[in-house]
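To keep things clear, I will list the structure first and then write my remarks on it.
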Amino acid sequence: MPFLVIKSINVDSLKNRINHCDQEEQLIVYEQLLEHYFYSNLDTAMHYAYLLRGHAEVLNQSPSEMKALMSLALLFHLKGEPARSRELIAEGDSIVNGAVNARAHLIYNFYKGAHKLYISELDSALLYLDRSLNLGKQLADKKLAGRSLLNIGNVYFFNGNYTLALKYYQQCVEYLEEIGDNRGKVYVLFNIANIYRHRSEIEQGLKYYDEAYNLARDIGDNVMQGNVMNNKALAHASLNENDSALAYINQAIEYYELVGATKQLIQAHCNKARYLLYLNQPDSVAYYLNLVQTECEIDKYPRAHVNYLVVKAEYYRSINKNQEAIDCLTIGLGKAKEYKQDDNKLTILHQLASNEATLKNWKMAYEYADEASYVQDSVYDLTKVEAMAFLQKAFDLMKKEKETELHRAKNQLLELELRNERQSSFIIVLIAILLAVITLVTFIIFLNNRQKKNELAETNLQLKQSNQDLVDANKVKNKLISVLSHDLKSPLSSIVSMSSLAEMSPTIKEKSDLKIINAMSEASNMMLSFIDNTLLWFKKIHGNLKPDYQQLSVKFIMDETAFWFKSFSKLKEISLNFDGEDITIENDKNILLVMMRNLVSNAIKFSDNGQSVNVTWYVTNNEVTIKVSDSGTGMSEEQVKAINESGTNQSTFGTHGETGSGLGLFLCQELLLSIGGRLWVNSKEGEGTDVFCTLKIKV
């Protein structure tokens, strides 16, 4: 049976896209749904074929219109309506003779070849499929080129030329694997298995049947799974393993019933009846034959109908109802003649002769035997003539293909020679022009070089002066840093110490005085923290920051941090909580203190009065993780992203209008990197902020 091939798709996803895409995208969706349902539900496939045709006509897309039309022709043939199928094929013939593009011709030839294959006109099928193969290669359409190779293999298979069939199947596999077409690969494996079965190489055939079945199951092709089981049953029946054949045919029937594949279901039921007959179970045979007659429209499927009548005659003969068997065979003979089924006609004539002889109707037996002999001779002669003609046709096609390739190669060689001659003339002219241009450019460059030498000498003098200015500016900068480090930091440290002593003094009893001292302590602490931040940042960017690693207690660092913010937290009535085990680590004390001051300062800065700031730490994977949490104003997603990705953050006012430099978190990131740690932030606006940082326990 000829077939199309597509990759497994997500049907639900495609259906959901229909209402959310433009008309051109809808064409693509309808094509994919049409191809998918072509294998599982003929009515649904026809529905999408009509939708595709309507949209293609509106958008004037001749390839899509041709695909819809020719697909409908094949679908009507599969539904047992050959007259309607022929009408649509004729309509396609008319359209292709008009002004359509090359892709529409490709689609027409492929589907026309497939239709010819359906109706067993193998010579014509080979002609159209050969055209579609060549067009597919010219248009670089690997999908239809692969399909054409596949169906050409089917042509040779149905004609009994298994060697050529295998050759084209192998070529087809290369295309299928390149475009990831698993459905096509299923059919190739299935047909290769059929070839080995027809050659009586049953074990090899069963191996390919199993591969085809597993792949069909992966892509959800129930019809193909049924076909594999049906043919495995035939393989076991040929070995007289009727129990195994019966088991496989039961599985095939389940798959066919699942998708409503009537034609295949009739054949499967008839095959099951035949196997039951071999197992001497006449009652079960009668049941399945009656099931076919009452529930399947066998008149729509001529070959299946004839096969049913032959099996029914065998049943009647097994229960010694020879006259009923003759009646069935007589009807079957008429249908075989009507549909020109010479193979079935020959089988029926032999059985009629045998049944008439059983009833001792010698005259009728002789007439049927004589007619069978005549049919056998004519079929043999016709088969031989057709085989020779077919092989001649195949040879002519292969010869034509080789001649076309040779002619194409000669044309390419001639074009290459002409191109080389034109290129040679062009190159000579181009070289002359280039020489003239090079001479002119060389003279201009010489003049420019003289001018640039003078300009360069003047620029060098300016650069020397600029360098000297930079050296002087660097000295001023270093002097400023020295002032910050010694002349400004030392007095501020004294102010901080004095403020702390004043806060603890028993002589200060007035709340107003205590608030003034707290504010002074806060301001001096903030200024000292700013100076420390600036100095560390300056050392970091100039490469002078060299951590002084020593054994430190994490709890000691946290106690120092708590003492530092004692006054600051009182001003806003912030509850500052520290919780964690005392852990000894190897790190730089000054860097850790500056980092913790910045983190806790930010948490207090963006917290409202009466809230709490929690600092916790714990050990994970040979690292200490420190978490500073607040329930304050929080940050936006953009701010969090900026901090986590680049460490930058724009300075904003605190809940009491506190200001900042914007250097804190950035400096913490840089300091942590210098000691092998890292920092990240989790925060939501209005819900607070969690800042995490990790430190190595040992460097």
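The values are calculated or read from the model by the stated rules, or taken from the named source; none is laboratory data. Just so it is clear, the structure is predicted and the values come from calculations on it, not from any experiment. FYI the Cβ positions are ideal-geometry reconstructions off the backbone, even for glycines, and counts take in every protein chain you see.
Observations
- Any hit, the range 233-241, residues being modelled with pLDDT of 90 or more, within 44 Å of the chain's Cα centre (by Cα), hydroxyl-bearing (Ser, Thr, Tyr) and outside the structural domain of Arg317 (by TED's automatic domain parsing): no
- Among the residues listed as Gln351, Gln323, the single one being touching a helix residue (DSSP H, G or I) at 6+ places or on another chain (Cβ under 9 Å) and crowded, with 16+ Cβ neighbours inside 10 Å: Gln351
- Pair list, Cβ under 6 Å, 6 or more apart: the range 604-618 residue farther than 9 Å from Ser575 by Cα, other residue charged (D, E, K, R) and at pLDDT below 90: Lys605/Glu658; Asn609/Lys572; Asn609/Glu573
- The set of residues in the range 77-91 being surrounded by 18 or more Cβ atoms within 10 Å (Cβ to Cβ), modelled with pLDDT of 90 or more and not hydroxyl-bearing (Ser, Thr, Tyr) consists of Leu88, Ile89.
- Which numbered condition Phe556 misses (of (1) part of a helix (DSSP H, G or I); (2) surrounded by 15 or more Cβ atoms within 10 Å (Cβ to Cβ); (3) more than 50 Å from the chain's Cα centre (by Cα)): (2)
- Residues in the range 12-55 that are touching a Cys at 6+ places or on another chain (Cβ under 8 Å) and surrounded by fewer than 15 Cβ atoms within 10 Å (Cβ to Cβ): 0 in all.
- Comparison of Leu149, Leu139, Leu133, Leu176 shows that the only residue that is at negative phi and surrounded by fewer than 22 Cβ atoms within 10 Å (Cβ to Cβ) is Leu139.
- Scanning the range 114-135 for residues that are farther than 19 Å from Glu65 by Cβ and small (Gly, Ala, Ser) yields Ser120, Ser124, Ala125.
- Residue within the range 389-406 that is hydrophobic (A, V, I, L, M, F, W, C), over 30 Å from Leu129 (Cα atoms) and modelled with pLDDT of 70 or more present: no
- Test: residue in the range 574-585 that is modelled with pLDDT under 90, more than 54 Å from the chain's Cα centre (by Cα) and surrounded by fewer than 20 Cβ atoms within 10 Å (Cβ to Cβ): yes
- Top-ranked residue of the range 586-629 - restricted to ones that are in a strand (DSSP E or B) and of a type in the set (Asp, Glu), ranked as nearest to the chain's Cα centre (by Cα): Glu623
- Which numbered condition Ala125 fails, given (1) surrounded by fewer than 24 Cβ atoms within 10 Å (Cβ to Cβ); (2) of a type outside the set (Lys, Arg); (3) within 28 Å of Ala261 (Cα to Cα): (1)
- The range 562-571, subset crowded, with 19+ Cβ neighbours inside 10 Å and within 11 Å of Val613 (Cβ to Cβ), residue modelled with the highest pLDDT: Phe565
- Within the range 287-295, none of the residues are touching a helix residue (DSSP H, G or I) at 6+ places or on another chain (Cβ under 7 Å) and modelled with pLDDT of 90 or more.
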